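Student: Here it is, the structure, as structure tokens.
The values are calculated or read from the model by the stated rules, or taken from the named source; none is laboratory data. Remember, predicted model here, so these are calculated numbers, not experimental data. With ideal geometry, Cβ positions are generated from the backbone for all residues, glycine too; neighbour counts draw on all protein chains shown. In case anyone asks, the SASA skips ligands and DNA or RNA and just uses the protein heavy atoms, side chains included. Shrake-Rupley method; radii C 1.70, N 1.55, O 1.52, S 1.80 Å.
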Amino acid sequence: MPQTVLILGANGKIGAHAAAAFWNAGWTVRRYDRGTDMNTAATGADVIVNGLNPPNYHNWDVLIPQITAQVIAAARASGATVIVPGNVYNYGIQPGPWSAQTPQIANTRKGQIRVEMENAYRAAGIPVILLRAGNFIDPDHNGDIMTAFLMREIGKGKLARGGRGDAVQPFCYLPDWAQAAVLLAQKRDQLATFEDVPLPGHVFSANDHLAMLRGETGRDIRLAAFPWWLMTVVSPVWEMARELREMRYLWDMDHALDGEKLAGLLPDFHPTDMRTVMLAGLPDDIHPDKVMRPGSEAVAAE
């Protein structure tokens, strides 16, 4: 008998890839309609994937606790295991790599909101898998960090640099996150009530990324510093600018997630290769595997 997963936020980056991964694994996929009763929607579900997230960091201090309370109530009513995407905001500026045992000492308002969210899930006594990752990269270009920030002006030969060019940080390909979520869901009966599982993804710097793009595309791409000064100017009237400024420190700080726990739980899991991840934000007319070449009838390399 197929197992059932309820996807919250199925039209978003995380929800869309989770829905596809669970469907491909033979699960019955149910999509939650915003505004409807979540407890009713969760009836009969084995797993709930919480892909709900206020866009552009809007009103996090109010909306994140509200969403968390709804999801906990739905899980209690249905008996479902909840899978929650975690991030790295919780750890502040302490050295890494960060693991499930690393103290959570957030140094930002958004980081503290995430710490409180995770504490609420821990205290709820419901089965929860928190699958933590760094910057999400969406091959569907759905407003992810690669297309909205790093490669925003790649057509002009510019790769954005948010901070130090040599600062490394973790990047997670969303299909990898979704696949890991499915594999963990399938062995949920073997897990603790609350499992914090870091997904290390790939770690690279802006300099590493630039070298890869130049080599693969043959283009004269250069690093361009992100205009943080402009974010300061427009912060009083643009919420997103204020929220981005708070996380600026991550672009200047080497950080990574420890992969030991994931490897122990999912020894056969292998992430997408780094080349694919680094090239994911390129438009088709620049991407070396998709660009139409003179005299060729194919649009993608075999």
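Student: What does DSSP give for region 124-264 in terms of the percent of beta bridges that are antiparallel, rounded to the nearest 5?
Tutor: Antiparallel bridges: around 20 percent, rounded to the nearest 5.
Student: Under the rule of -39500 (n - 2.57) per DSSP H run of 4 or more residues, summed and divided by the residues of the chain, what mean residue ellipticity at 222 nm is obtained, to the nearest 500 deg cm²/dmol?
Tutor: -10000 deg cm²/dmol
Student: Relative contact order of region 152-302, please, whole-number percent, based on alpha carbon pairs below 8 angstrom and at least 6 residues apart.
Tutor: Worked out over region 152-302, it gives 33 percent.
Student: Additional query: Along the charge dipole of the chain, Cβ charges K/R +1 and D/E -1, which of Ala106, Met240, Gly12 sits furthest on the positive end?
Tutor: Result: Met240.
Student: With a point put 7 Å past each Cα toward its Cβ, work out how far Thr28 is from Met1 in nm, to one decimal.
Tutor: Placing both labels 7 Å beyond Cα along the Cβ direction yields 0.9 nm.
Student: Moving on to the next point. Could you name the lysines whose alpha carbon sits less than 22 Å from that of Lys110, not counting residues in the same chain fewer than 8 places away?
Tutor: Lys13
Student: Which value in nm describes the separation of the simple spin-label points at Asp289 and Arg76, placed 7 Å from the Cα toward the beta carbon?
Tutor: 4.6
Student: Take the alpha-carbon centre of region 213-228, take the same for region 117-181, and report the distance between them in whole Å.
Tutor: A separation of 20 Å, based on Cα centres.
Student: If you don't mind, another one. What net charge do the residues around Ser99 carry, taking every other residue with its C-beta under 12 Å from that of Ser99, with Lys and Arg at +1 and Asp and Glu at -1?
Tutor: Within the 12 Å Cβ shell, the charges total -1.
Student: Return one number: the angle in degrees, 0 to 90 and rounded to the nearest 10, between the long axis of the Cα atoms of helix 206-217 and the longest principal axis of the Cα atoms of the chain.
Tutor: 60
Student: With an 8 Å Cα cut-off and a minimum separation of 6 or more residues, compute the relative contact order for region 29-144 in percent.
Tutor: Over region 29-144, the number comes to 27 percent.
Student: With the full set of protein chains in place, find how many percent of the accessible area of the chain is carbon and sulfur; take the probe as 1.4 Å.
Tutor: Looking at the chain in its full context, I get 51 percent from C and S.
Student: Lys187: which lysines have alpha carbons under 23 Å from its alpha carbon, excluding same-chain residues fewer than 8 sequence positions away?
Tutor: Filter leaves Lys261.
Student: Would you mind getting the accessible area per residue of the chain, heavy atoms of the protein chains only, 1.4 Å probe, in Å²?
Tutor: 46
Student: Separate question: Based on the mean of other Cβ atoms within 10 Å per residue, sort peptides 172-181, 239-248 so the most packed one is first.
Tutor: In decreasing order of mean packing, 172-181, 239-248 become 172-181, 239-248.
Student: Just to check I understand the Karplus step: with θ = phi - 60° and J = 6.51 cos²θ - 1.76 cosθ + 1.60, what whole-Hz values come out for region 92-102, glycine and proline as x?
Tutor: Result, ordered by residue: x, 10, 6, x, x, x, 8, 10, 5, 8, 5 Hz.
Student: What aspartates and glutamates does Lys158 reach when the alpha-carbon gap must be under 14 Å and sequence neighbours fewer than 8 apart in one chain are set aside?
Tutor: Lys158 reaches Asp220.
Student: Something else now. Please work out the C-alpha center-to-center distance from region 82-108 to region 46-67 and express it in whole Å.
Tutor: Their Cα centres are 18 Å away from one another.
Student: Determine the gain in length on full extension of the stretch Tyr249-Ala123; use 0.36 nm per residue of separation and subtract their C-alpha separation, reporting nm with one decimal.
Tutor: Net length gain for the segment: 42.4 nm.
Student: Counting C-alpha atoms alone, how compact is the chain: give Rg to one decimal and Dmax as a whole number, in angstrom.
Tutor: When restricted to the Cα atoms of the chain, Rg and Dmax are 19.7, 62 Å.
Student: Tell me, what ³J(HN,Hα) does each residue in region 55-68 have, in order and in whole Hz, if you take phi through Karplus 6.51 cos²θ - 1.76 cosθ + 1.60 with θ = phi - 60° and put x for Gly and Pro?
Tutor: Each residue's phi maps through the Karplus curve to give x, 6, 6, 5, 6, 4, 5, 9, 6, 4, x, 5, 4, 4 Hz.
Student: Where in region 35-57 does the amide nitrogen come within less than 20 Å of the point 7 Å from the Cα of Leu191, taken along Cα to Cβ?
Tutor: 42-53
Student: Let me ask something else about it. Pulled fully out, how much extra length does the chain show between Asp273 and Val233, if you take 0.36 nm times their separation in residues and subtract their Cα-Cα distance?
Tutor: Using 0.36 nm per residue and subtracting the Cα-Cα distance, I get 10.5 nm.
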